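These notes concern the structure reproduced below.
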Amino acid sequence: MTKIEPGSAAREITAALEKAGHEAWLVGGCVRDALMGLEPHDVDIATDALPSETQRIFAKTVPTGEKYGTVTVFTDSGKAEVTTFRGQERYDGSRRPSSLVFGVDINEDLARRDFTVNAMAYNPRQGLLDPFGGREDLTRGTIRAVGEPKARFAEDPLRILRAFRFAAKLGFSIEKDTLAAAKESIPLCSALSGERVRAEIENILMSEAPEKAEELAKLGFFDAVGVSRSGETRWDKLAAVPKDIRARWAALIMTSALSQNELFERFKFSNRLKNDVSVLLRELDRQPPHMQNEVRARLAGIDPDAADNDAARPGNTHAGAKYISDPRRASACPGTLRPGSMRLGVVSLDAVRSGFSRQDALFNDTVHPGSGRLGVTRSDSAGSGAVTPELFRLYVETYSALSGEDETAVLEALDKVLDSGDPYSIAMLPIDGGDLLRLGVPRGPRIRELLDRALTESVRDPSLGRSELLRALGFEESAHG
């Protein structure tokens, strides 16, 4: 008899349920993981006890899903989700069961589950219950639907994404009939909520096999949920990207030619995630800087040339001005340089493509600066032209992973900038808005314009102190007193 060693909390809970005259089985992922020699993250127990009966048996419970038959039970040694045996259900468009059937046995409960590897149960006294061949599929490395695949996906289209998630997580392949049913059922995904879809895609992206998302795309998933693609795709380097969901999303958009705006809207990205991914995409559209002054300028959101060009400072309306600290101002200024805008002086896009061998290596004729192959131009990106040191480091590591080039020198330059304490943001300047107010500058946008200019001056010459910066802005330190 197959023996699984459940944790102390699972033993305690199953024993208490059985003592009260009920059945109790470990089910789902905890059984699957135990058979694979993995440490289960969560413990799920199926029982014939109704939620109200479970709550009477245990001193500390929380009805986390009582409506669906689930109660979380807490013991001194841990917790477990205890769910009443459930029969086949019908799901509505939001993936919530529209009908529940209690009062069935463990076999019928297992029959309603998604995949064979998740449709096994274990009881310390009765051993392993495996009516659908889940253990054999574990040995084969196969994700296979329980029963008729099309019926399982019709009950809940999110199971299509879960198939790819489990394949990515476990390193398995999807059984051919299950894959064929998934392809045929893809249109059903259009009714799924964006939040649930994003969560499943993120699980795939954060796995050891994020390229499984490519197989999902080939089935037409992104088209089905309203996210268009604009060209060739490259998915093979996703696994090399840092395991940070912001970097993985940016790399996915960059290499798959998915529409950035449509993805953000359809998958309900939070504002913070949307901003960080947009900043990474903007930076990935450019080559990493290698000099300290260039790194400091990028952190500040100032083109490096601006720090050495008197005609290209904030507030200057000369053609060719390159200040990009605030994209809202930048988009209104035709002389502004924006990543991806093709406003690279007199350099043509063809020259950029032919001359930037590093970019060619990164995008492999799929995505180029200014090519519009990222769904939206960089001028539409959320966020500001400035980038935090943490995001800049993530950008460099992501760029290196996608290009295959060693960018250690860039990270070393970043560390030197941070160690120096030289300003790269308005908050680090030796003057602030209060100083300018005391000098007679009226409240309003002029304050920000002057601080922007002070930042450019400071990036240009980090040795400038308070008095020098005020003089550069047209004020005398004595007037401040």
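A few points about this structure:
- Of the residues making up region 64-74, those that are touching a Ser or Thr at 6+ places or on another chain (Cβ under 8 Å) and either among the basic types (Lys, Arg) or part of a strand (DSSP E or B) (or both) number 7.
- Within the option set Ser425, Ser463, Ser458, being closer than 18 Å to Ile302 by Cβ and in contact (Cβ under 8 Å) with a residue 60 or more places away in the chain holds for one residue only, Ser425.
- Those residues of region 1-40 which are acidic (Asp, Glu), more than 37 Å from the chain's Cα centre (by Cα) and assigned to a loop (DSSP other than H, G, I, E, B), in sequence order: Glu23
- For region 267-295, a residue qualifies if it is over 23 Å from Ser400 (Cβ atoms), surrounded by fewer than 18 Cβ atoms within 10 Å (Cβ to Cβ) and in contact (Cβ under 8 Å) with a residue 24 or more places away in the chain, and the qualifying residues are Lys268, Asn271.
- Residue match in region 193-206 (condition: crowded, with 16+ Cβ neighbours inside 10 Å, more than 16 Å from the chain's Cα centre (by Cα) and not assigned by TED's automatic domain parsing to the domain that holds Glu405): no
- Among residues of region 401-442, those that are surrounded by 18 or more Cβ atoms within 10 Å (Cβ to Cβ), within 29 Å of the chain's Cα centre (by Cα) and not β-branched (Val, Ile, Thr), counted: 7
- Hey, Asp137 crowded, with 18+ Cβ neighbours inside 10 Å, free of Cβ contacts under 8 Å to residues at least 12 places away in the same chain and over 24 Å from the mean Cα position of the chain (by Cα) or not: no
- Residue selected from region 9-61 under the condition surrounded by fewer than 20 Cβ atoms within 10 Å (Cβ to Cβ) and of a type in the set (Asp, Glu), by the criterion farthest from Ala119 (Cα to Cα): Glu53
- Residue within region 153-164 that is modelled with pLDDT of 95 or more, assigned to a helix (DSSP H, G or I), closer than 22 Å to Phe269 by Cα and among the basic types (Lys, Arg) present: yes
- The number of residues in region 83-132 that are modelled with pLDDT of 90 or more and touching a Pro at 6+ places or on another chain (Cβ under 7 Å) comes to 3.
- Test: residue in region 236-247 that is at pLDDT below 90, out of contact with any Gly (no Cβ under 6 Å at 6 or more places or on another chain), surrounded by fewer than 18 Cβ atoms within 10 Å (Cβ to Cβ) and of a type outside the set (A, V, I, L, M): yes
- Restricting the search to helices (runs of 4 or more DSSP H) fully inside region 392-481 and requiring at least 3 residues that are closer than 22 Å to Met291 by Cβ and not charged (D, E, K, R) gives 408-420, 445-460.
- The residue of region 286-316 that is nearest to Val396 (Cα to Cα), among those that are at pLDDT below 90 and among the hydrophobic types (A, V, I, L, M, F, W, C), is Ile302.
- Just one of the numbered conditions (1) outside any loop (DSSP other than H, G, I, E, B); (2) more than 16 Å from the chain's Cα centre (by Cα) is not true of Arg234: (1).
- Every listed requirement among (1) closer than 17 Å to Asn203 by Cβ; (2) crowded, with 18+ Cβ neighbours inside 10 Å; (3) aliphatic (A, V, I, L, M) is met by Ile253 save one, (1).
The values are calculated or read from the model by the stated rules, or taken from the named source; none is laboratory data. Nothing here was measured: the structure is a model prediction, and the numbers come from that model. Don't worry about glycine lacking a Cβ; one is built from the backbone with ideal geometry, like all the others, and counts go over all protein chains shown.
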